[in-house]
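Engineer: Quick one: the structure is below, questions incoming.
Laboratory data are not the source of any read-out in this text; all were calculated from the coordinates shown. Since this is a predicted model, take the numbers as computed values, not measurements. Virtual Cβ from ideal backbone geometry, glycine too; neighbours counted across all protein chains shown.
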Amino acid sequence: MPRLTPARTGTAFEHTMTSRMTPSKQEILLKAAECFMEQGFHATSIDDVARRLGATKGRIYHHYPSKIELFFDVHREGMARLFEAVEPARQTEGDGVSVLAAMLRAHALAVLEHHTFESVVAQGVQMHRFGATTPSQRQILDELIESRDRFEQLFKDQATAARKDGSLANVDVSIAVKTMLGGIQWSLIWYRPEADASPRTRQRLADHMVRTMIDGALNGASGFRCTRLLVVGPTACVRPL
């Protein structure tokens, strides 16, 4: 089994956009992320964000000239948190699939921990594909999607290395990585942080998500070569579909 090194997540390791912002702007981004996650971009207004803040619209307009500019910054922050989580996992010791598993676990933990921001990232992808935007907005969206593509490439590169060293089966790397990342992204639908948002629960969920994904891609019959995984407790943290 791949040896999973615990990913460093949380405020001690975050050097994201918000860590360089004033507390006021940090709070605006957080509350905006909550609104966009709950209501979607189109249904959310600046008034909604202001009410969530307990402030006037002027406080938001002081930093952002429009709702879409605010949305773009929430999207950027979501991607920054993903990169911050996955980069250190790339230094995991072991064969190619051990590193890949550590990266996937770090990604899963980041999505579970920062689900509000990562939900907005998912909305940004949909907006890029189907949304009506101005040319200037489209240019910004293109840049945001390029960031997402760079993130995906980290996993493609590692999967290629794992296939070369024989620890990963001879799979189509692009399809395998898209399937794995898509599986993690789907947790934005079924994960219920209000039921149990403890770090231990997130770690157990991430372990099992990675185990499920890696099992079918390993080369050989030895199964998932990982340290003993904890069993997920009550299913209260899973939303029935």
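Engineer: For the stretch 65-150, which trypsin sites (Lys or Arg not before Pro) are both in a DSSP coil and crowded by at most 10 other Cβ atoms within 10 Å?
Structural biologist: The qualifying sites: there are none.
Engineer: Charges at C-beta only: +1 for Lys and Arg, -1 for Asp and Glu. How large is the resulting dipole of the stretch 72-237 about its Cα centre, in Debye rounded to 20?
Structural biologist: Taking the Cα centre of the stretch 72-237 as origin, the dipole is about 380 debye.
Engineer: Would you kindly work out the equivalent ellipsoid of the stretch 72-237 from its C-alpha gyration tensor and give its semi-axes, the square roots of five times the eigenvalues, largest first in whole Å?
Structural biologist: Three semi-axes, in Å: 28, 21, 13.
Engineer: Fewest Cβ neighbours within 10 Å first, please rank PHE117, PHE71 accordingly.
Structural biologist: Taking fewest neighbouring Cβ atoms as first place, the list is PHE71, PHE117.
Engineer: So if each residue of separation counts as 0.36 nm, and I subtract the Cα-Cα distance between SER136 and HIS63, what length gain in nm does that give?
Structural biologist: The span from SER136 to HIS63 would gain 24.4 nm if fully extended.
Engineer: Sorting SER119, SER174 on the 10 Å Cβ count, fewest up front, what's the list?
Structural biologist: So the residues, fewest neighbours to most, are SER174, SER119.
Engineer: Let me ask something additional. Mind sorting ASP142, ASP73 by how few other Cβ atoms lie within 10 Å of their own Cβ, fewest first?
Structural biologist: The order, fewest Cβ neighbours first, is ASP142, ASP73.
Engineer: Taking the simple approach of a point 7 Å from Cα along Cα-to-Cβ for both LYS164 and HIS128, what is their distance in nm?
Structural biologist: In this crude spin-label approximation the distance works out to 2.6 nm.
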